[in-house]
Structure formats: structure tokens, C-alpha cells
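To keep things clear, I will list the structure first and then write my remarks on it.
The values are calculated or read from the model by the stated rules, or taken from the named source; none is laboratory data. Quantities reported herein were computed from a predicted structural model and do not represent experimental measurements. Neighbour counts run over all protein chains shown; Cβ positions are idealised from the backbone, glycine included.
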Amino acid sequence: MEHVFKGTTIALVQGDITTVEADAIVNAANSSLMGGGGVDGAIHRKGGPTILDECRDYVAAHGSLPTGEAMITTGGDLPASHVIHTVGPVYQGGKHGEFVKLERAYTQSLLLAKEHGLKTVAFPSISTGAYRFPIDEAAYVALNTLKRVIAEHEGAFDRLSMVLFSQADFDVYAATFDEVITTMMG
Ligand code: AR6
């Protein structure tokens, strides 16, 4: 499922993000940057030890990565050239700034990609696994943020995708995609 918005293709894909060829894939990491479960575990397993070495160097130089911020490493053994590591919020009922923090995780990842001249970026559904963000609300934040950043940085990106691990997650994003992206292009 995809749609072109201001020259950038926005795509929804069902699958495993560690198999995606892109200038960057995004990792739903935690502040320690030392790996974990879910998509973070999968990226480090498949990407090999150089990614963790680069994360360790980053933490030694800058400290841990706050929620809503992003940093970049190479892609190691992954088909993607780079990994942008970001930290989504832990969902705590929705009244603790989670929506703004989730939006910021997407935005900062995209700004970092732009800074490095990376034109194709694939995201997992940040915060909707271990961090328990309701997926329907997270889909709305994710897709609206991609759209806003594309409009604010026209020409910066060729293709932005959301890679949903399960069919159920894909279906939720697809319904939101119709609402937020396809029908509001004007
Ligand atoms: N490709 C695409 N999506 C995936 C993959 C994959 N290979 N594997 C899982 N997902 P989570 P979070 C989906 O828990 O909620 C980690 O331990 C998954 O189905 O990976 O941001 C970190 O170290 C879900 O929809 O990330 C942090 O401590 C989505 O990715 C914490 O979890 C996000 O689930 C971050 O939690």
C-alpha cells in the first residue's frame, strides 16, 4: 500500500524490518542503546556486533539517549546502510506527554536522516510492543508525523515506509493510512 505525497512515496509494508533495503531502518531502542527484545533484539542479532560497538562509543561520548531523541550507526551486516536508533515513550495511560514524545521520536529520526542525506527510511511501529502504546493511536501519530515532515522538508525524502510485523498491525495502519494519507491529499 503506498501513496505519493509531495514527491515522497509513503508506503505500508507487512514484514520483518531487518530484511529491508533502505538508506536507513529505524530501531525502536531504549535509552541505554545496549539492545533489548522486540525489533531492537532482531536488529542487533542480524546486524552483528559493530552496531553495538558504535552504540557503546556513542554512550561513552554523549551519555544515554533520551526519549524522543535519535542517533545513527552503520547498518553492520544488515541490507540497510544505516540504523537510526530512537527511543519511543513507555505508554502510561496517555497523559504523560506520550503523544508528543512519540511524535518527536519520528521527527528526530527523519531530521537525522535528512542531515545524513538518507532518502529512503523504514520505520517499525515505535512503542507499540514492550512500551504498550495503543497501536491505533500510535498509527495516527506515526502517519501524521511522516506527512508533516515531508511537507516541511519537501524533496528531502524519496520513500518513507512503515514496516509492520504482523498482519493485524498492518491492518490497523492501513485503516489509518486511508484516513490520514490517501483521502487528505487534496
Ligand atoms: N520487524 C518489524 N517490526 C518488528 C520486528 C521486526 N523484526 N520485531 C518486532 N517488531 P518493540 P517498543 C514490532 O517491543 O514497544 C525493546 O526491548 C513489534 O511487533 O520492539 O518501542 C527495546 O530495547 C511491535 O509492533 O518496541 C526497548 O526496551 C513494534 O515492533 C523496548 O523494547 C515495536 O515493539 C522498546 O519497546
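I'm trying to understand the selection: among the residues of the stretch 143-171, which are surrounded by 17 or more Cβ atoms within 10 Å (Cβ to Cβ), outside any helix (DSSP H, G or I) and within 9 Å of the ligand (Cβ to nearest atom)? If the condition is that a residue be surrounded by 17 or more Cβ atoms within 10 Å (Cβ to Cβ), outside any helix (DSSP H, G or I) and within 9 Å of the ligand (Cβ to nearest atom), then Val163, Leu164, Phe165 are the ones that fit. For the stretch 19-35, residues that are within 9 Å of the ligand (Cβ to nearest atom), surrounded by fewer than 21 Cβ atoms within 10 Å (Cβ to Cβ) and in contact (Cβ under 8 Å) with a residue 60 or more places away in the chain total 2. Output the residues belonging to the stretch 99-138 that are within 12 Å of the ligand (Cβ to nearest atom), among the aliphatic types (A, V, I, L, M) and closer than 18 Å to Leu12 by Cβ. Residues satisfying the conditions are Leu102, Ala122, Ile126, Ile135, Ala138.
Filtered by the rule that a residue be more than 9 Å from the ligand (Cβ to nearest atom), on the phi < 0 side of the Ramachandran plot and in a loop (DSSP other than H, G, I, E, B), the stretch 36-73 gives Ser64, Leu65, Pro66, Thr67, Glu69. Tyr140 falls short on exactly one of the conditions (1) in a loop (DSSP other than H, G, I, E, B); (2) more than 13 Å from the chain's Cα centre (by Cα), and that condition is (1).
For Glu152, the stated conditions hold: it is of a type outside the set (A, V, I, L, M, F, W, C) and without any contact (Cβ under 8 Å) to a residue 40 or more places away in the chain.
Quick check, is Ala138 within 17 Å of Ala22 (Cα to Cα) and surrounded by 22 or more Cβ atoms within 10 Å (Cβ to Cβ)?
So Ala138 fails the test.
Is it the case, given these coordinates, that Ser81 is more than 22 Å from Ala139 (Cα to Cα), surrounded by 13 or more Cβ atoms within 10 Å (Cβ to Cβ) and within 13 Å of the ligand (Cβ to nearest atom)? In short, no. Of all residues in the stretch 9-18, exactly one satisfies the criterion of being touching a Lys or Arg at 6+ places or on another chain (Cβ under 7 Å), more than 7 Å from the ligand (Cβ to nearest atom) and either of a type in the set (S, T, N, Q) or without any contact (Cβ under 8 Å) to a residue 12 or more places away in the chain (or both), namely Thr9. When you scan the stretch 90-109, do you find a residue that is modelled with pLDDT of 95 or more, assigned to a strand (DSSP E or B), surrounded by 18 or more Cβ atoms within 10 Å (Cβ to Cβ) and not aromatic (Phe, Trp, Tyr), even just one? No, that holds for no residue.
Of all residues in the stretch 38-58, those that are farther than 15 Å from Ile84 by Cβ have Cβ atoms under 6 Å from Cβ atoms of residues that are in a helix (DSSP H, G or I) and of a type in the set (Ser, Thr, Tyr), 6 or more apart or on another chain, in Ala42/Thr18; Lys46/Thr18.
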